[in-house]
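Have a look at the structure below before the remarks.
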Amino acid sequence: MLQPLPTPSEMAEWDRETINSGVPGMVLMEAASREAFNVLSEEFGPIAGTVVHCYAGSGNNGGDAFALGRQLFEHGAEVRLLHTKQADRYSGDTKANLEWARALGIPCFHLENGDDASLPQPDIIIDGLLGTGFDGELSPPFLHLVRTMNQLGERAFVLSLDIPSGLNGLTGIPGPEAVLADATTTFQAAKLGLVMPGASRFTGALHVRPIGITPAARENHPVRHHLISHEIVNALPPLRHDMHKGDAGHVLIAGGSPGLTGAPHLAAMGALRGGAGLVTIACPNDLAASIKANTPDIMTLPLGKGDEWTPDMTDKLLNKAEHADALVIGPGLGRSSGATRFVKTCVSQCSGRTILDADALYGLSQYPELIADLAPTTIVTPHPGEMARLLGISSADIQADRLEVAARFVKMCPATLILKGAGTLVADRSMTCLSPFSEPNLSVGGSGDVLSGLLGFLLGQGLGIMQAACLGVYWHGLAGQMLSQDFPLRGNLASDIANMLPKAAKEQISC
């Protein structure tokens, strides 16, 4: 359901505790090389007769490369070990694997100043230069080696060990360049940086393989970050043959303003296509007909007189909310003074299962003192611009360090955060979860409204707040991925996302 994404330092803790428990580091290194060999065999094919260059750095990543080089040699490859450190200066398990390889007669070359120009074109390149602890920028010799591997890699298969050299294991950002691998074997768990948006350009096919880290090490050092997997669908309550519309949940949506009547309609369709039994849109009286848009499936709750929001609409809305299973506030609400005052009044009194989206977040930003008092049953769903407004910083600041921004926000309040964008983040005070999807087909007006309605349905099913948020984000992302089959260059509508939700659910269940 949620796959751990250790940071480099958290992974180092797992390694240390496993070794301290009595598992030799040499055993872990041997397991890593065995799993890397298996991945190479799967991705590349037969090894015998191939020319292989194994680039080895000075740390444990280099030891993995030495161990893998030995296994490739024993399976009939013509192997050359290219090490960045003088052979007599290696230590520990890395030194032991280098000496073992030399005893077998495998040619070894010391890469002084990154020079390997005299070597022939390989069929396979093993990248074991730098591990997940790399941070900052590549030194000139290592930058040269990364560029060399990428040049040779145009005519060779490149396998990176644990992480492509030059890629930051925490952020997934190259420094400033990184190895362009055809495949990456990462050990025990994917490191956080490997699944960040943009990292896949460097990792190629990402394989996560176990190497024997003990359960105790993982349990004693739990990680904060997790990847949402397809197993999240198991959080949905099973269908019953005797269920009725009330069992499927009633979602109440507050939204709509002049020129923005489509947003609450799309949110309603997101809830209905998700499986809600009943959906009601609360809106200013004069907008009810255009928001309903001749859709008999959607009920309306006209409020007040005219087409503007006013704070005195709150009582009727919250009275209705007592009989609903979830409340969505914000789609198309507008930014008039009446709308922002309505948000203030509503948020300060609402304690049920609530999603704050779109213009509700604008209203919240006008009264930032309310953020700390948001109920734990609340989900807020900002995109980067809305998040920037809530925190009083720029969108560029948000995108520069989304993980830190998410952590900062959930420290401010007990609500659950969905920070939308490529690699959407779902965070509360206990964990941060990352969506595996970065789908261009979701980048269309109204996409977020569909998500808010879907979240309303899931909250109405009685799921845990974090469960509902993760499932909604995954389901929405999968729908976007499936739309790319019929709309490979985009062009789909937000309504297409809503209509794809049932098919995406079927896809989830069949996995």
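The values are calculated or read from the model by the stated rules, or taken from the named source; none is laboratory data. All of these numbers come straight from a predicted model, not from anything done at the bench. Ideal geometry is used to build each Cβ from the backbone, glycine not excepted, and the neighbour counts take in all protein chains shown.
Summary of computed values
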item: Residue in the range 40-52 that is in contact with a helix residue (DSSP H, G or I) (Cβ under 9 Å, 6 or more places away or on another chain) and polar (S, T, N, Q) present; result: yes
item: Residue match in the range 263-270 (condition: part of a helix (DSSP H, G or I), within 30 Å of Ala32 (Cβ to Cβ) and at pLDDT 95 or above); result: no
item: Complete set of residues in the range 316-353 that are of a type in the set (Gly, Ala, Ser), farther than 14 Å from Gly456 by Cα and under 32 Å from the mean Cα position of the chain (by Cα); result: Gly332, Gly334, Ser348, Ser351
item: Residues of the range 96-109 classified as among the aliphatic types (A, V, I, L, M), in contact with a helix residue (DSSP H, G or I) (Cβ under 8 Å, 6 or more places away or on another chain) and in a helix (DSSP H, G or I), total; result: 3
item: Flag if Ala469 is in contact (Cβ under 8 Å) with a residue 12 or more places away in the chain, among the aliphatic types (A, V, I, L, M) and touching a Ser or Thr at 6+ places or on another chain (Cβ under 7 Å); result: yes
item: One residue from Leu471, Leu501 being assigned by TED's automatic domain parsing to the domain that holds Leu417, farther than 25 Å from Thr295 by Cβ and surrounded by 21 or more Cβ atoms within 10 Å (Cβ to Cβ); result: Leu471
item: Residue in the range 438-457 that is assigned by TED's automatic domain parsing to the domain that holds Leu252, among the acidic types (Asp, Glu) and without any contact (Cβ under 8 Å) to a residue 40 or more places away in the chain present; result: no
item: Pairs, first within 21 Å of Val450 (Cα to Cα) in the range 230-256, second of a type in the set (Phe, Trp, Tyr) and surrounded by 20 or more Cβ atoms within 10 Å (Cβ to Cβ), C-beta under 7 Å, six or more apart; result: Ile232/Tyr474; Gly249/Phe457; Val251/Phe457
item: Matching residues, the range 32-68, being of a type outside the set (A, V, I, L, M), part of a helix (DSSP H, G or I) and in contact with a strand residue (DSSP E or B) (Cβ under 7 Å, 6 or more places away or on another chain); result: Glu35, Glu43, Asn61, Gly62, Asp64, Phe66
item: Any strands (runs of 3 or more DSSP E) falling wholly within the range 173-237 and containing at least 1 residues that are at pLDDT 95 or above, in contact with a helix residue (DSSP H, G or I) (Cβ under 7 Å, 6 or more places away or on another chain) and farther than 30 Å from His144 by Cα; result: 225-228
item: Check on Leu317, assigned to a helix (DSSP H, G or I), more than 20 Å from Ser495 (Cα to Cα) and touching a strand residue (DSSP E or B) at 6+ places or on another chain (Cβ under 8 Å); result: yes
item: Residues (touching a helix residue (DSSP H, G or I) at 6+ places or on another chain (Cβ under 8 Å) and not in a helix (DSSP H, G or I)) located in the range 437-454; result: Phe437, Glu439, Val444, Gly445, Gly446
item: Tally, over the range 271-290, of residues that are assigned to a strand (DSSP E or B) and aliphatic (A, V, I, L, M); result: 4
item: Any chance Ala422 is over 22 Å from Ile465 (Cβ atoms), under 17 Å from the mean Cα position of the chain (by Cα) and surrounded by fewer than 23 Cβ atoms within 10 Å (Cβ to Cβ); result: yes
item: Residue identified as of a type in the set (A, V, I, L, M), touching a residue at least 24 places away in the same chain (Cβ under 8 Å) and under 20 Å from Ala358 (Cα atoms) among Leu278, Leu287; result: Leu287
item: Selection count, the range 329-351, where residues are assigned to a loop (DSSP other than H, G, I, E, B) and either hydrophobic (A, V, I, L, M, F, W, C) or not assigned by TED's automatic domain parsing to the domain that holds Leu361 (or both); result: 2
item: Residue check for Ala388: under 26 Å from Gly249 (Cβ atoms) and either hydrophobic (A, V, I, L, M, F, W, C) or touching a Gly at 6+ places or on another chain (Cβ under 6 Å) (or both); result: no
item: Residue in the range 75-95 that is in a loop (DSSP other than H, G, I, E, B), in contact with a strand residue (DSSP E or B) (Cβ under 9 Å, 6 or more places away or on another chain) and closer than 19 Å to Leu28 by Cβ present; result: yes
item: Members of the range 135-188 that are in contact (Cβ under 8 Å) with a residue 40 or more places away in the chain, farther than 23 Å from Leu68 by Cα and of a type in the set (Gly, Ala, Ser); result: Gly175
